[in-house]
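Quick notes on the structure that follows.
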Amino acid sequence: MLQISALLLALFLVLGVVSLVTGSVSIGWKKVLLSLADGLTGGHSLSAQEELIIFSVRLPRIIFAGVVGASLALGGVVFQALLRNPLADPYVLGISGGSALGAIIGILIGAGAFYLGVPLLAFLGALATVFLVFAVSGGKGSILRDNSLLLSGVVINAFFSAAILFFLSIVNSLELHSITFWLMGDLARASLRETGTATVCLVFGFIVLYSQAGKLNLLVQGDETARQLGVNVEKTRQRILIATSLITAVAVALAGIIGFVGIMVPHMMRLLFGSDHRLLLPAASLFGASFLVAADTVARVVLAPAELPVGVITALCGAPYFIFLLKKKGN
Amino acid sequence: MFLCGRDINFSYSKEPILTDFSFSIEEAMIAAIIGPNGSGKTTLLKIINGILFPANGSLLINGVDSRRWPRKELAKTVAIVPQENFSIFPFYAEEIVLMGRFPHLKNHQFEGKKDYRIAHEAMEKTATLAFASRRYDQLSAGERQRVLIARALAQEPKILLLDESTVFLDLQHQMRFLSLLRQLNKEQNLTIIFVTHDINLAAAHADRIILLYCGKNYAIGSPAEVITAENIKKVYDVNVLVDENPQTRLPRMTLLT
C-alpha cells in the first residue's frame, strides 16, 4: 500500500515539474529545477520575470489543480461506495449543479466584491443539494436507498440546469463570461488563500474518511452485511457523508464544474489496485491530483497564449473513456 | 451462550411476520429452523443476528437483550452465512474472508499476522484457499457460498447462523461442510442454527427443530417429535411418509405423489 502511494506521489511530483516547465513562456528544465532549489536555499538564479511566472503563476495553479483533482476523485470514490454505484460522483448527484447555481446567484447579486463571496454561496448551494438529494430519496427512517438517491440526484440536477439556463438568458455579457468560465471549470483564478482553504478541507476530510476506510469496505457489501460484521451503519454513513460533502463542495465552489474526474479516476484505480478503500482512498486522491494537473497543463498550452477551461479537457478525455468502459462491460 | 426469544413480534409493514414467538436454544446445540416460504425463517435469523429487533418481546443472548449488545461484541458472538452477498465492486476472495476479522480489530487497525492466519485456516477448512486471490464475483455460486462460510468462521463466533447454506454446494462439499459443523460443535461448543428446506437434512443433523408456520412456532422439539406426517401435512399441505432411517434411527421423510 505504501509503495503504491509513494509511486503515485512520485508521479504527481514529476507531473508537477513538467507542468512548471510547460507554458506559453518557455523556461527550461534546468532553470526550473534551479529555481526549486533556490526556493529551498533562498538563492536567486533566475530573472525576476521568470521567478514571477514560476512562483506566482504556475506553482500556485499546479497546487490548486492538485488539491481540486484529489478532492473530486476522493469524492467520487466515496460516493460510489456509499451508493454502491460505480456511476455516482459529485457531478451526477447534482452537487456540482447546486454549487453552480449558488455561484451564479452570487455573481448576479454582486457577491464577487467580497472575499470568498461567490465560493461561499457555491459551497452553500452544494451543501443544500446534498441535503435535498438525501431528503428526497430518504423516505421514512434513515435508511438511504441507493438507486433512489441517484435518481433524485439526476432529477435535481436537471432542475438546476434549467435554473442555470434561465439565469444565463437574463444576464448581461460581462456576467455571462464569468459565469460561463465557472460552468466549464476554471483553475486560473485561484488565489493562495483559496488554495489554502481547499487544502485544509481536503486534509481534514481525508483524515476522517481514511479513518472510516475499513468500514467503507464492509458498507460496500451491503448494510446488513456491514451491520452483522459489527459496523454502526448509520453513524458511519453520516460521518462519511459530511466529510465527503465538505471536500467536494469546497472543490466545486472554488474551481467550478469539472466533470468526469470523479468517475474516471476511481474507476481506473479500482481496475489497477482492487477495491480495498484503505488503498483506494490515497491512490485515487493522488492520481486525481496528477490527472487534473496534467489536464490543466494541456488546457494552458494547447491554444497558447489563450487558455481553455480545464473542464473541456477532462470532458474530452472522460466521455470517450466512459463509452469505452460501457462497451467493454457490454461484451 | 444460550439464546432465548420471548413473545417476539415483528412485521416489515402491516402484515405480521412473527407473532408471539418464543423459543430457546442452549449452548452447543444444533438447531434447525424449517417452514414454508414466507413463514418468517430468515426474519428470525436476522433477529437472532441483531440486524433486526423485535417490535414487541425480546431476544436474549446470554441473558442480555440483543438491543443492549454493542455491535462489535455481537459480531464476535454471532455470525451469519447469508444466502448471497452481492457486491458490485471487485473484491478478492481473501479480502471477503478477512472482513470477518473486522469485529476483532481495534478502531483503524489493519489486519495483523494473527488475522491472516485465522482467515487462512477458515479458508482451508472450507476448501477455498485455492482461490484466495481470485475475484469473489467471478466465482461460482457454490464457491461464493464457501467463501461466505469462511468469513463467518473467521469471526470466531459462539453462535453460527446458516441461511440455507448448503443449497449451492455439491455433494462432496456438503458432506465436508456438515462434518466440519459437527466438529466445531463438538470441539468448540459452537451453537449452530440453520435454516433449511431439506427436512431430512434437518432431521439428520439437528438436536432441536423449530417448525415455523405463519409466523408462529408450530412445533418445537426433537426431530422425532417435530417431523411427523401430520405436522408436515398441516404446514406444507403435502402428503408424506415418515419412517425411521435404519442406520441412524432418526425420522426419514419421503414424499408421496
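The values are calculated or read from the model by the stated rules, or taken from the named source; none is laboratory data. Just so we're clear, the structure is a prediction, and the values are computed from it rather than from any experiment. For neighbour counting, all protein chains shown are included, and Cβ atoms are generated from backbone atoms with ideal geometry for every residue, glycine included.
Among the residues of the range B:77-111, those that are exposed (fewer than 14 other Cβ atoms within 10 Å of the Cβ) and either closer than 16 Å to B:Val147 by Cα or more than 9 Å from chain A (Cβ to nearest Cβ) (or both) comprise B:Glu84, B:Phe86, B:Lys106. Across the range A:309-325, the number of residues qualifying as more than 17 Å from A:Ala299 (Cα to Cα) and at pLDDT 85 or above comes to 1.
Out of everything in the range B:104-141 that is among the hydroxyl-bearing types (Ser, Thr, Tyr) and assigned to a helix (DSSP H, G or I), what residue ends up being modelled with the highest pLDDT? Step by step, filter the range B:104-141, then rank; the result is B:Tyr116. Quick one: is A:Ser152 at pLDDT 85 or above, hydroxyl-bearing (Ser, Thr, Tyr), part of a helix (DSSP H, G or I) and farther than 27 Å from A:Pro60 by Cβ? For A:Ser152, the condition - at pLDDT 85 or above, hydroxyl-bearing (Ser, Thr, Tyr), part of a helix (DSSP H, G or I) and farther than 27 Å from A:Pro60 by Cβ - is not met. For the range B:219-228, a tally of residues being outside any loop (DSSP other than H, G, I, E, B) and surrounded by 17 or more Cβ atoms within 10 Å (Cβ to Cβ) returns 4.
Just one of (1) within 18 Å of the chain's Cα centre (by Cα); (2) surrounded by fewer than 18 Cβ atoms within 10 Å (Cβ to Cβ) fails for B:Cys214. It is (1). For the range B:184-194, indicate whether the set of residues that are surrounded by 22 or more Cβ atoms within 10 Å (Cβ to Cβ) and among the polar types (S, T, N, Q) is non-empty. Looking for residues that are surrounded by 22 or more Cβ atoms within 10 Å (Cβ to Cβ) and among the polar types (S, T, N, Q), one finds at least one in the range B:184-194, hence yes. For B:Arg117, the test of being facing chain A (nearest Cβ under 10 Å) and basic (Lys, Arg) is failed. Against the numbered list (1) out of contact with any strand residue (DSSP E or B) (no Cβ under 7 Å at 6 or more places or on another chain); (2) under 17 Å from B:Ile25 (Cα atoms), B:Ala204 comes up short only at (2). Among the conditions (1) more than 12 Å from chain A (Cβ to nearest Cβ); (2) more than 14 Å from the chain's Cα centre (by Cα), the only one that B:Leu44 does not satisfy is (2). Checked against (1) surrounded by fewer than 24 Cβ atoms within 10 Å (Cβ to Cβ); (2) among the hydrophobic types (A, V, I, L, M, F, W, C); (3) closer than 19 Å to B:Ala154 by Cα, A:Val231 passes all but a single condition, namely (1). Residues that are within 12 Å of another protein chain (Cβ to nearest Cβ) and of a type in the set (S, T, N, Q) number at least 1 in the following helices (runs of 4 or more DSSP H) confined to the range A:204-288: A:213-220, A:223-228, A:233-255.
Limited to the range A:158-196, what total is found for residues that are among the polar types (S, T, N, Q) and either touching a helix residue (DSSP H, G or I) at 6+ places or on another chain (Cβ under 7 Å) or in a loop (DSSP other than H, G, I, E, B) (or both)?
Just the residues of the range A:158-196 that are among the polar types (S, T, N, Q), to begin with: A:161, A:169, A:172-173, A:178, A:180, A:191, A:195.
When the remaining residues are screened for being either touching a helix residue (DSSP H, G or I) at 6+ places or on another chain (Cβ under 7 Å) or in a loop (DSSP other than H, G, I, E, B) (or both), the result is A:161, A:172, A:178, A:191, A:195.
Residues that pass the stated criteria total 5.
Screening B:Arg176, B:Arg101, B:Arg151 for residues that are within 15 Å of the chain's Cα centre (by Cα) and assigned to a helix (DSSP H, G or I) leaves exactly one candidate, B:Arg151.
Which is within 14 Å of another protein chain (Cβ to nearest Cβ) and among the small types (Gly, Ala, Ser), of B:Ala130, B:Ala141, B:Ala152? Even if it seems obvious, please write down each step before you answer.
Working: B:Ala130 fails: within 14 Å of another protein chain (Cβ to nearest Cβ); B:Ala141 fails: within 14 Å of another protein chain (Cβ to nearest Cβ).
Going through B:Ala130, B:Ala141, B:Ala152 in turn, the sole match is B:Ala152.
Put simply, of A:Gly214, A:Gly196 the only residue that is surrounded by 19 or more Cβ atoms within 10 Å (Cβ to Cβ) and among the small types (Gly, Ala, Ser) is A:Gly214.
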